Amino acid sequence: MGSDLGYSRGSELISREHITRYLAVCLAIGVSGCSLVAKDGPTGANLRDGAAVTVSGASKTAGYVLVDLSSAALAAANSGTLATTPRFGPMARGSGPDVSIGIGDILSITIFEAESGGLFIPKEAGSRAGNFVQIPNQQVDIAGSINIPYVEGPVKVAGRTSRAVSADIAQRLKARAIEPQVVVSVVEHRGNDISVLGEVNTSQHFSLDPGGVRLLEAIARAGGPKNPPYETTVSIQREGVTRRAAMSDIVRDPSENVPLRPNDVVYLTHDQKVFMVLGATLSPGSIGGTNNRRFTFDNDTMSLTEALAKAGGLDSTRADPKEVFLFRFERRSTLAAAGADVSRYTSEIIPTVYTVDLRKGDSFFLANSFNIRDKDLLFVSESPSVDLVKFLNIISGITSNANNISQIAAQNYTTY
């Protein structure tokens, strides 16, 4: 029994010695950056060390450019954001079309003669009233033509204006009628159609009025967009080319309210702009029930500070306010305007990281004027001190477990 008692005491001593050594090893590992300490992502130092180019001229080896947010960088970035906004471009230039006759249109043709006894007006006075004759309504055939009595061959009308067709018919009747005058008018438009489809309340297919119609008027005929303007993109298909613009820009800029042309197709889509926020911000689910880190825009533009505020702001127990980063792809010209050396890059689009130090008061003014873009990624780095806190929590757990083991062993020894 004595030997057993000695063995128990020896086991207890060995266990305590092992625990002490284990704690010492863990402490050494933790101080050196043990992987036991979990992270949400790279630290600010990691990102800075990995940059290929910084505005200050530091040369590194990785594939992105690091830009400290400054007044010059702000102006260049916002100009680049404005340049990426889709616009109608050439479609917005010029006035509305002089609406031409289309295939399928129904035409009314009236022919006047200067006096009776001609081709259409009989000599006998009083046999009919007026000095004109009404030709039965003509529908433009698939070849784009109509037929007029005493005019040799079909008359090409599709793609021409009523005035031009009137002059053509009069000229071709001149040799047979007495000073003929011709009036051609469109009774029913069945060609020159405009279609408004997609995210509208009532899809429409209508013929273009002779006075023309502009884009917003056509959308109004379709009952307007289903979604807010900042989440709506308008596309116009014309002669095999499609151009796009944001609905909010069309409303704000009259030049984007383009005059439509025959056979244009207007299509509205629902395009939500989003941004992502990772790192040391409040936990998902703690902000008004939002259980993710992907957020939508609340307007057609959103600043960096608005984006951080929507994500709940920086976590005061974890965040490093001097290490706030924004990831996006940027154009060479934008980075050059911001002061970055991009000579080593051959592509037009370059991976870019903007960084802002929110410990400085003026940084809030810059961040509040910095416009974020669709699919931007924000990352808030953790403070280096958070690693120590996490490690101490691990040590606290290990120590607690060791104490529990010691207490259990002591109880067992006393009982024995």
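Annotations
- For region 167-190, the candidate set comprises residues that are part of a loop (DSSP other than H, G, I, E, B) and touching a Leu at 6+ places or on another chain (Cβ under 9 Å); within that set, the residue that is modelled with the highest pLDDT is Pro180.
- Residues of region 228-244 include none that is part of a helix (DSSP H, G or I), in contact (Cβ under 8 Å) with a residue 12 or more places away in the chain and small (Gly, Ala, Ser).
- Selected residue (criterion: farthest from Thr85 (Cα to Cα)) from residues of region 249-266 that are hydrophobic (A, V, I, L, M, F, W, C) and crowded, with 20+ Cβ neighbours inside 10 Å: Leu260
- So Thr355, is it touching a strand residue (DSSP E or B) at 6+ places or on another chain (Cβ under 9 Å) and over 16 Å from Ala75 (Cβ atoms): yes
- Counted residues, region 209-260 - those being more than 25 Å from Asp374 (Cβ to Cβ) and among the aromatic types (Phe, Trp, Tyr): 0
- Pairs are defined by a Cβ separation below 8 Å, a sequence spacing of at least 6 or placement on different chains, a first member in region 117-131 that is assigned by TED's automatic domain parsing to the domain that holds Glu179 and farther than 20 Å from Tyr150 by Cα, and a second member that is at pLDDT 70 or above and in a loop (DSSP other than H, G, I, E, B); the pairs so defined are Glu124/Ser116; Ala125/Ser116; Arg128/Ile121; Arg128/Pro122.
- Residues (outside any strand (DSSP E or B) and surrounded by 12 or more Cβ atoms within 10 Å (Cβ to Cβ)) located in region 134-157: Val140, Asp141, Gly144, Ile148, Pro149, Tyr150, Val151, Pro154, Val157
- Residue that is surrounded by the fewest Cβ atoms within 10 Å (Cβ to Cβ), among those in region 319-374 that are closer than 27 Å to Asn299 by Cα and free of Cβ contacts under 8 Å to residues at least 12 places away in the same chain: Gly361
- Candidate set from region 282-310 (those that are among the hydrophobic types (A, V, I, L, M, F, W, C) and at pLDDT below 90); member that is farthest from Ala75 (Cα to Cα): Ile287
- Of everything listed in (1) assigned to a loop (DSSP other than H, G, I, E, B); (2) at pLDDT 90 or above, the single unmet condition for Ala164 is (1).
The values are calculated or read from the model by the stated rules, or taken from the named source; none is laboratory data. What you are looking at is a predicted structure, and each value in this text was computed from that prediction instead of being measured. As a convention, Cβ positions derive from the backbone with ideal geometry for all residues, glycine included, and neighbour counts pool all protein chains shown.
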